[in-house]
Amino acid sequence: MVEGTGFENRQARKGLESSNLSASAMRILAIETSCDETAVALLDISGPVDKPSIKVLGNSLQSQAHLHQQYGGVYPNLAKREHQKNLPILLEKTLKEACEDLDSPKIDYISVTQGPGLEPALWTGITFARALAATWRKPLVPVNHMAGHIYSVLYEAGEPLKLPALALLVSGGHTELVQMKEFGSYHILGRTRDDAVGEAFDKVARMLSLPYPGGPQISALAEADRRKHPEPRLKFPRPMLHSGGLDFSYSGLKTAVLYAIKDLSLDEETRAEVARAFEDAAVEVLVSKTRAALEAAPDTATLIVGGGVAANKHLRAELSNLQQEFPSLSILFPTQPLTTDNAVMIGMAAYVWLKTNPSKPEDFDAQGNLLLGS
Ligand code: KG4
Ligand code: ZN
């Protein structure tokens, strides 16, 4: 099943804007294959990096999650095969949606995720992008997937994005706090020492016999439990809450859940209780470390929250409460379709890269462990 991601109506609404695009507008084709989502988008972007005018001309995404369910996580070679199969289909769908000629579309740049991610999966995107770049004689732009999650908030941001910013990036592979003093420049303040928070959601879901990806399942159960029982009946440890630093650790929490459920019969009620206690612990640490990072850098103007776990309602609510403690802080979340992996965010990150990078794009290899900054 090939899905659109809900931009069509919004774009119809925004259609009138197209005549206002400035001469410096760029058309960027974006390709994302770092994990288990294949995605292709065509963007028309112009304007300043802190508030670009973005039109999504075409956008398609194919999730492989249902195929990886039996493995309880993403199986790299299956992901690679599926990306290879999906890419030409999604490209055609995206170009048709944009009413572009399939043989020589109007495109200025081709951007593709370089890393981090699963290398076999990344390579399929890069190889495909290279072939298109050679055929259409267009430059290739490498994109860091985590920069994509940061700039996912640029779409429909009401105000210009003010710097310095702090980004809390929470996904299946990453949990990090990133300081951004300038566009395109990143400093990692803290990161997970073991499992990523999304990975912990997925593993705990598996322990509770819930399907992959586990985040949305845990979140729904936890919400149901909170509605039924205002006070939690179970509490898990908050790893590294008082460590004094900004690093995270989620493997101990996962083990705590494993021990707690060992002697329990996992009926619906118990699963919800465990899911809520896990989510409470995972979220409390994220919020506490974010607060500490904001206190350490009081000039921070914007908090950006990106990555799949940013879809989590409890996390969104708790982070939004930080507004009371930091009244002048802008807190930005991506719109729901841009929270999990997608190609629109890759195109937006490519735009920032092009606007801030003095060097011309050159050919590059996939880098599974590509870092965002030092
Ligand atoms: O950013 P993403 O789509 O892919 C990576 O770059 O890893 O993030 C996927 C992760 C998965 O671990 C998934 O369980 C988690 O995001 N996730 C959630 C929710 N929706 C997705 N975690 C908690 N609550 C959610 N609502
Ligand atoms: Zn991601």
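The values are calculated or read from the model by the stated rules, or taken from the named source; none is laboratory data. This is a predicted model, so every value here is computed, not measured. Cβ atoms come from the backbone with ideal geometry, glycine included; neighbour counts cover every protein chain shown.
Filtering Ala200, Ala167, Ala224, Ala220 for residues that are in contact with a His (Cβ under 9 Å, 6 or more places away or on another chain), at pLDDT 95 or above and either in a strand (DSSP E or B) or not polar (S, T, N, Q) (or both) leaves a single hit, Ala167. Looking only at region 57-108, residues that are among the small types (Gly, Ala, Ser), under 27 Å from Lys355 (Cβ atoms) and within 23 Å of the chain's Cα centre (by Cα) come to 2 in all. Being part of a loop (DSSP other than H, G, I, E, B) and not aromatic (Phe, Trp, Tyr) is the filter; apply it to region 71-85 and report the residue that is surrounded by the most Cβ atoms within 10 Å (Cβ to Cβ). That would be Val74. Any residue at all in region 177-194 that is within 16 Å of ligand 1 (Cβ to nearest atom), outside any strand (DSSP E or B), of a type in the set (A, V, I, L, M) and within 16 Å of the chain's Cα centre (by Cα)? No: zero hits. Candidates Asn342, Asn357: the one that is of a type in the set (S, T, N, Q) and surrounded by fewer than 23 Cβ atoms within 10 Å (Cβ to Cβ) is Asn357.
Being more than 16 Å from ligand 2 (Cβ to nearest atom), assigned to a helix (DSSP H, G or I) and within 18 Å of Met345 (Cβ to Cβ) is true for just one of Thr135, Thr94, Thr127. Which residue is that?
Numbers: Thr135 fails: within 18 Å of Met345 (Cβ to Cβ); Thr127 fails: within 18 Å of Met345 (Cβ to Cβ).
Going through Thr135, Thr94, Thr127 in turn, the sole match is Thr94.
When we screen Val287, Val283 for residues that are surrounded by fewer than 20 Cβ atoms within 10 Å (Cβ to Cβ) and either within 22 Å of Ile331 (Cβ to Cβ) or more than 16 Å from ligand 2 (Cβ to nearest atom) (or both), the only hit is Val287. Residues in region 29-48 that are out of contact with any Pro (no Cβ under 7 Å at 6 or more places or on another chain), surrounded by 24 or more Cβ atoms within 10 Å (Cβ to Cβ) and part of a strand (DSSP E or B): Leu29, Ala30, Ile31, Glu32, Thr38, Ala39, Val40, Ala41, Leu42, Leu43.
List the helices (runs of 4 or more DSSP H) inside region 257-374, counting only whole elements, that have at least 1 residues being of a type outside the set (D, E, K, R) and in contact (Cβ under 8 Å) with a residue 60 or more places away in the chain.
On the way: elements: 268-296, 313-320, 322-325, 344-356.
Output list reads 268-296, 313-320, 344-356.
Number of residues in region 296-325 that are buried (at least 17 other Cβ atoms within 10 Å of the Cβ) and of a type in the set (A, V, I, L, M, F, W, C) equals 8.
Tell me the residue from Gln114, Gln70 that is polar (S, T, N, Q) and within 16 Å of ligand 2 (Cβ to nearest atom), please. Steps first, answer last, please.
Working: Gln70 fails: within 16 Å of ligand 2 (Cβ to nearest atom).
It is Gln114.
Contact map, region 233-254: residues that are of a type in the set (A, V, I, L, M) paired with residues that are in a helix (DSSP H, G or I) and loosely packed, with under 11 Cβ neighbours inside 10 Å, Cβ distance under 7 Å, separation 6+ or inter-chain. No pairs are found.
Of the residues Leu163, Leu168, Leu154, the single one that is under 28 Å from Leu354 (Cβ atoms), among the aliphatic types (A, V, I, L, M) and touching a Pro at 6+ places or on another chain (Cβ under 9 Å) is Leu154. Scanning region 69-106 for residues being in contact with a helix residue (DSSP H, G or I) (Cβ under 7 Å, 6 or more places away or on another chain) and under 21 Å from Ile126 (Cβ atoms) gives a total of 12.
Residues in region 49-70 that are of a type in the set (Val, Ile, Thr) and assigned to a strand (DSSP E or B): Ile54, Val56.
So which residues in region 203-217 are more than 16 Å from ligand 2 (Cβ to nearest atom) and part of a helix (DSSP H, G or I)? Lys203, Val204, Ala205, Arg206, Met207, Gln217, listed by residue number. Against the condition away from ligand 1 (no atom under 16 Å from the Cβ) and either out of contact with any Cys (no Cβ under 8 Å at 6 or more places or on another chain) or of a type in the set (A, V, I, L, M, F, W, C) (or both), how does Glu119 come out, does it pass? For Glu119, the condition - away from ligand 1 (no atom under 16 Å from the Cβ) and either out of contact with any Cys (no Cβ under 8 Å at 6 or more places or on another chain) or of a type in the set (A, V, I, L, M, F, W, C) (or both) - is not met. The set of residues in region 320-374 that are under 16 Å from Tyr186 (Cα atoms) and basic (Lys, Arg) contains only Lys355.
Filtered by the rule that a residue be more than 16 Å from ligand 1 (Cβ to nearest atom) and crowded, with 17+ Cβ neighbours inside 10 Å, region 164-176 gives Ala165, Leu166.
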